[in-house]
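Report on one structure; see the data block that follows.
The values are calculated or read from the model by the stated rules, or taken from the named source; none is laboratory data. Note that this is a predicted model, so its numbers are computed, not measured. Don't worry about glycine lacking a Cβ; one is built from the backbone with ideal geometry, like all the others, and counts go over all protein chains shown. Ligands, DNA and RNA are stripped out before the accessible areas are found, and what is left, the full protein with its side chains, is counted by its heavy atoms. Shrake-Rupley method; radii C 1.70, N 1.55, O 1.52, S 1.80 Å.
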Amino acid sequence: MIKKYIYGNPFPTEAVVKEIKVSEDKMPFFETDGRGRFTFNLAEHDIVYGLGEQIRGINKRGWQYVSWNYDNPNHHEDTRSLYGAHNFIIVSGKETFGAFFDCAGKIEFDIGYTQRSEMKITAAGNDLSVYIITGENEKDIVKQFRNIIGRSYVPPLWAFGYGQSRWGYRNEDDIREVAKQYKAAGIPIDSIYLDIDYMERYKDFTVDSERFPDLKKLADDMKTQGIHLVPIIDAGVKIEEGYDVYEEGVQHNYFCKNAEGEDFVGAVWPGRVHFPDFLQPEARKWFGRKYSVLTDMGIEGFWNDMNEPAIFYTEDRLADTCAEIEKLTSGNMGINEYFTFTGMVAGLNGNTGDYDKFYHNINGKMVKHSDVHNLYGMNMTRSAFEALQEICPEKRTLFFSRSSYIGAHRYGGIWQGDNKSWWSHILQSMQQLPALNMAGFLFTGSDTGGFGCDVTEDLMLRWLQYSLFTPLFRNHSADGTRRQELYRFDNVSAAAEMIKIRYSLIPYLYSEYLKAVLNDEMMFKPLAFDFSDDDMAKQVEDQLLLGNELMIAPVYKQNARGRYVYLPEEMMMVRMKSRNDFQTQILEKGHHYINSELDELVFFIRNKKAIPFDRTAESTENTDISQPELLGYPDSSYVMYSDNGISPKPEDSLKVTALH
Ligand code: GLC
């Protein structure tokens, strides 16, 4: 059952697409002051799931989280905000219920942080809708929630292949070289990503004619090798006379305005930019149609970036900061002045005050950006998705975004933002998966190998052994860091085998993905969602159920040659060095120490189940997913969902096959 409550005058976020009557009764579970504050008393062993892309564990209890979409590549345990705002939680324990705090601005979740036994939720404004969901269990609550927020996005099948990305591929030769090396090393690959360097001076919808003289030909040549090029599109539009996107945006008032009614200026990669007002339907349409510049060159996928929106600095704040710094440095700079100085410089990037300084035009009314901040990224992806449905109505386009709000899951996927080549970021990514699935985000994954910092070979292998299970499987790294294309490592064959295993798993991953979309289910679940009476399962923070047949328990610690795994039931352990070199062993319910050498993938098939396991392929183009073999318990069967991989509505070509 779903109940809706309204406080103040909430901005229509469009997260919920089903009509729900507003309840007249008192909101259950929470005490509220009616002005954006909600309190709930947590029982000793209550668990709180959710919040999508956030830091810390699967159980969110014991920290304070702030939904405020924020560019934070340096995130760690102390962080409070990340790239997405996914305000859906499930309290599980003495009382079990779901709650969605639908609020376009900032909202804080103190989940037993100030006081261990209290959960306090505080919306910065008084304007929000709250949905309270009760049901049979956590899965039922998720299903009801997913039903009201609309069906999740389905990417083309090729997006389940492996992708290589790096910020720093400067020209066409760099791209051709990556493709060549992957082919030479025999590593399957489906996509190569184009970061900002393909553009002319970082201008959206332009291609640098010196470095990429013929992008169409490059895209065609790549396609003959089964490789798709996926360019980046940033939110900020460069201010430059003669640049059509800039000029049209100014002319039609498609950019966000400052308090004086002028186009607001921020600085991001291109330098001074204006931000398209994606909350205006007309601006969304206009920007979305621009993607045809690239689809005309044969491009079939995009990643949308910097759309929190990230602001490196604003000119006013920079000028004020410089003036202050001049004062500080004119005398003898002591230690206190030094810290003031470094704090002021660090405070320029993503300064919350800057988000109070610009406005959206909503039906002629100026709405302050900070009141609707968390909707910006979602509406950028919506702009692309809706336009591309008109531009290429016959097929799916790959989309994923950095910033998001619930609702964006209908238009595209998300990647989990900038991370680091840190062991802890493997675990962090894994812990976000079930919470993202709860909020509808199914097409997701992390920058495999880590974006910032320097990777090592062992970290990469372990990361691959985790990421090869995530729908989005992309190796991405930052300019200036150690190179991490897989062919550069000593043990290339170990990495290659992991990628080949991924391709053998695609029939299962894709089938479970389609089931999760079509049935409003989660692809990745905490163990306790299926083993609700098992107290041990409730405490497991580093294993996940994948679909209905698998459990994954990746190794994510430096120099570890194995790990403890908890089995909530009897399972079949699969230890695999390559597609055709593997052993299986039945293990009983309970705790086990599982060895796993660096070149071994270990995963678990649930009791009496089996998964489709295909031959491997060089790219999804030559995978035949129609009749894969079964891997698992003898005499078991599997119901496989598949489709043609491109039809905009998967049900138009859906095939349900019983495999024995
Ligand atoms: C941002 C993105 C990252 C990209 C970089 C350059 O940091 O999150 O993925 O490589 O910008 O475009």
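Using protein chains only and a probe of 1.4 angstrom, how many square angstrom of LEU527 are accessible, to the nearest 10?
Around 0 Å² of this residue is reachable by solvent.
Between region 162-205 and region 464-526, how many Å separate their Cα centres?
Distance between centres, Cα-based: 18 Å.
Measuring from centroid to centroid over Cα atoms, what is the spacing of region 272-344 and region 583-621 in Å?
Region 272-344 and region 583-621 have Cα centres spaced 45 Å from each other.
From the phi of every residue in region 310-318, what ³J(HN,Hα) in whole Hz does the Karplus formula 6.51 cos²θ - 1.76 cosθ + 1.60 yield, where θ is phi - 60° and glycine or proline is x?
Result, rounded to whole Hz: 6, 10, 5, 6, 10, 5, 4, 5, 5.
Is the C-alpha gyration tensor of region 337-407 telling us rounded, prolate or oblate? Criteria: a/c under 1.5 is rounded; beyond that, a/b larger than b/c is prolate, otherwise oblate.
oblate
When Lys and Arg each count +1 and Asp and Glu each count -1, what net charge do the other residues less than 9 Å away from ASP599, Cβ to Cβ, add up to?
Overall, the nearby charge balance is -2.
Assuming R0 = 35 Å, what is the FRET efficiency of GLU621 and ASP244, from their Cβ-Cβ distance, to the nearest 0.05?
0.50
Might you tell me the accessible area per residue for the chain, computed with a 1.4 Å probe and given in Å²?
37 Å²
How big is the dipole moment of the chain about its Cα centre under a simple scheme where the beta carbon of each Lys and Arg is +1, that of each Asp and Glu is -1, and everything else is neutral? Debye, nearest 20, please.
Charge dipole, the chain, about its Cα centre: 1080 debye, nearest 20.
Can you run phi through the Karplus equation (6.51, -1.76, 1.60; θ = phi - 60°) for region 144-153 and list ³J(HN,Hα) in whole Hz, with x for Gly and Pro?
5, 5, 4, 4, 7, 9, x, 5, 6, 5
I'd like the carbon and sulfur percentage of the solvent accessible area for the chain, probe radius 1.4 Å, heavy atoms only, ligands and nucleic acids excluded. The partial results should precede the final answer.
Values: 11270 of 24500 Å².
C and S fraction of accessible area: 46 percent.
Take the chain, mark every one of the GluC sites (Glu not before Pro) that falls in a DSSP loop and has at most 12 other Cβ within 10 Å, then report the longest stretch left between them, sites excluded.
Numbers: sites that count: GLU19, GLU24, GLU44, GLU77, GLU136, GLU210, GLU241, GLU260, GLU262, GLU394, GLU588.
Between the exposed loop sites, the longest stretch runs 395-587.
Tabulate in residue order the Karplus-calculated ³J(HN,Hα) for region 44-60, using 6.51 cos²θ - 1.76 cosθ + 1.60 with θ = phi - 60°, rounded to whole Hz; enter x for Gly and Pro.
Result, ordered by residue: 3, 10, 4, 10, 10, 9, x, 6, x, 7, 9, 8, 6, x, 5, 7, 7 Hz.
Using the Kirkwood formula over every pair of different C-alpha atoms, what hydrodynamic radius in Å results for region 1-124?
After inverting the mean inverse Cα-Cα distance, the result is 15.2 Å.
Per the Kirkwood definition applied to all pairs of different Cα atoms, how many angstroms is the hydrodynamic radius of region 477-619?
It is 16.6 Å.
If you build the convex hull over the alpha carbons only and average its shadow over all orientations, what do you get for the chain? Give it in nm² to one decimal. Before the final figure, lay out each step's value.
Numbers: hull surface 118.4 nm².
Average of the hull's projected areas for the chain equals 29.6 nm².
For a quick check: with amide H placed at 1.01 Å from N, whose amide H comes under 5 Å from GLU521's, ignoring anything fewer than 5 positions away on the same chain?
Placed amide hydrogens put nothing under 5 Å from GLU521.
For the pairs LYS216/LYS655; LYS21/LYS143; LYS143/LYS649, flag any whose C-alpha to C-alpha distance is greater than 25 Å.
Working: LYS216/LYS655 34 Å; LYS21/LYS143 19 Å; LYS143/LYS649 20 Å.
Long pairs (Cα-Cα over 25 Å): LYS216/LYS655.
Taking R0 as 25 Å, what's the FRET efficiency between ASP356 and GLN251 from their Cβ-Cβ distance, rounded to 0.05? Numbers along the way, then the final one.
On the way: r = 27 Å, r/R0 = 1.07.
Efficiency computed from Cβ-Cβ geometry: 0.40.
Round to the nearest 10 and report in Å² the accessible area of THR114, as given by a 1.4 Å probe over the protein chains' heavy atoms.
90 Å²
So which trypsin sites (Lys or Arg not before Pro) in region 452-531 pass both tests, a DSSP loop state and at most 15 other Cβ atoms within 10 Å of the Cβ?
For trypsin sites (Lys or Arg not before Pro) across region 452-531 that sit outside H, G, I, E and B with at most 15 neighbouring Cβ atoms in 10 Å, the list reads ARG482, ARG483.
In deg cm²/dmol and to the nearest 500, what is the mean residue ellipticity at 222 nm of the chain if only DSSP H runs of at least 4 residues count, each as -39500 (n - 2.57), divided by the residue total?
-7500 deg cm²/dmol
For a Förster distance of 41 Å, can you work out the FRET efficiency between the beta-carbons of THR39 and GLN225, rounded to the nearest 0.05?
Details: r = 58 Å, r/R0 = 1.41.
The value I calculate is 0.10.
As an exercise, find the ratio Rg/Rh for region 317-472 from alpha-carbon atoms, using the Kirkwood inverse-distance average for Rh. Please report the intermediate quantities before stating the final value.
Working: Rg = 21.0 Å, Rh = 19.2 Å.
Result for region 317-472 is an Rg/Rh of 1.10.
Taking the Cβ of GLY417 as the centre, find all other residues whose Cβ is under 12 Å away and add up their charges (Lys, Arg: +1; Asp, Glu: -1).
Charge balance near GLY417 sits at -4.
Could you calculate the contour length gain from ASP534 to VAL345, that is, 0.36 nm times the residue separation minus the distance between their Cα atoms, to one decimal place in nm? Don't jump to the answer; show the numbers that get you there.
Details: separation 189, 0.36 × 189 = 68.04 nm, distance 5.04 nm.
Extra length available between ASP534 and VAL345 comes to 63.0 nm.
Would you please give the residues with an amide H less than 5 Å from that of ILE192, counting only those at least 5 places away or on a separate chain, with H modeled from the backbone geometry?
Long-range HN contacts for ILE192: GLN164, HIS228, LEU229, VAL230.
About the Cα centre, and with charges only on the beta carbon of Lys, Arg (+1) and Asp, Glu (-1), how big is the dipole of region 427-499? Nearest 20 debye, please.
Here region 427-499 has a charge dipole of around 160 debye.
Measure off 7 Å from each Cα along the Cα-to-Cβ vector at ARG561 and MET333, then give the distance between these two points in nanometres to one decimal.
5.1 nm
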